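**Q** Below: one structure in structure tokens.
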Amino acid sequence: MTPQTPDRRSVLVWLSTAGMLAALAAAYGTLAGFMGRFLYPTDRATKGWLFVTQIGRLGVGESIRYHSPVGATVNVTRRGEGGAEADFIALSSVCPHLGCQVHWEAQNNRFFCPCHNGVFDPGGVATSGPPAEAKQTLAQYPLMVDKGLLFIQVPLSRAV
């Protein structure tokens, strides 16, 4: 007896079935991986203290924009004459309402969002406009003063 050789049609059916099963396994495996990362996220990004400026270069009421390594823009404002962390505040420059850029207005002692006239007090709490109606605030970043230098704590890399 000689073994039967499969005909061309049955080989093609077998190969296409195996290919479809492999593609389905890859697709569902990828979906399961994404769901696992969503349901069980990894640790947050590592944070570190980075230099912002010398405290003597920032006058009372003045603000500078700081760009973090991951692309976040932060308004760092000097609120007091002393040289302690409490005399400075670092707030996100992204309005929580629609993501527009917020800037410091020293003459009005406020942060202002020009998109929808959103107004934030010096502590980042919304006082007027759509952000105030939604009771939103600007995200705050920790600051540290060491030997006359101002440092900010920011994520060093994006969370995966």
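The values are calculated or read from the model by the stated rules, or taken from the named source; none is laboratory data. A quick note: this is a predicted structure, and the numbers were derived from the prediction, not measured. Glycine gets a Cβ as well: all are built from the backbone with ideal geometry, and neighbour counts include every protein chain shown.
**Q** Looking only at the stretch 128-155, which residues are surrounded by fewer than 13 Cβ atoms within 10 Å (Cβ to Cβ) and either over 22 Å from the mean Cα position of the chain (by Cα) or in contact (Cβ under 8 Å) with a residue 12 or more places away in the chain (or both)?
**A** The answer is 133, 134, 142, 146, 147, 148.
**Q** Out of the strands (runs of 3 or more DSSP E) lying entirely within the stretch 65-155, which hold 1 or more residues that are hydroxyl-bearing (Ser, Thr, Tyr), at negative phi and assigned by TED's automatic domain parsing to the domain that holds residue 51? So that I can check it myself, show each step before the final result.
**A** Working: elements: 73-78, 88-92, 103-105, 110-113, 118-120, 126-128, 143-146, 149-155.
Output list reads 73-78, 88-92, 126-128.
**Q** Can you tell me which residue in the stretch 69-111 is surrounded by the fewest Cβ atoms within 10 Å (Cβ to Cβ), limited to those that are among the charged types (D, E, K, R) and touching an Asp or Glu at 6+ places or on another chain (Cβ under 8 Å)?
**A** 81
**Q** Still on this structure, please answer the following. Please determine, by comparing only the residues of the stretch 33-64 that are aliphatic (A, V, I, L, M) and part of a helix (DSSP H, G or I), which one is farthest from residue 150 (Cα to Cα).
**A** Step by step, filter the stretch 33-64, then rank; the result is 35.
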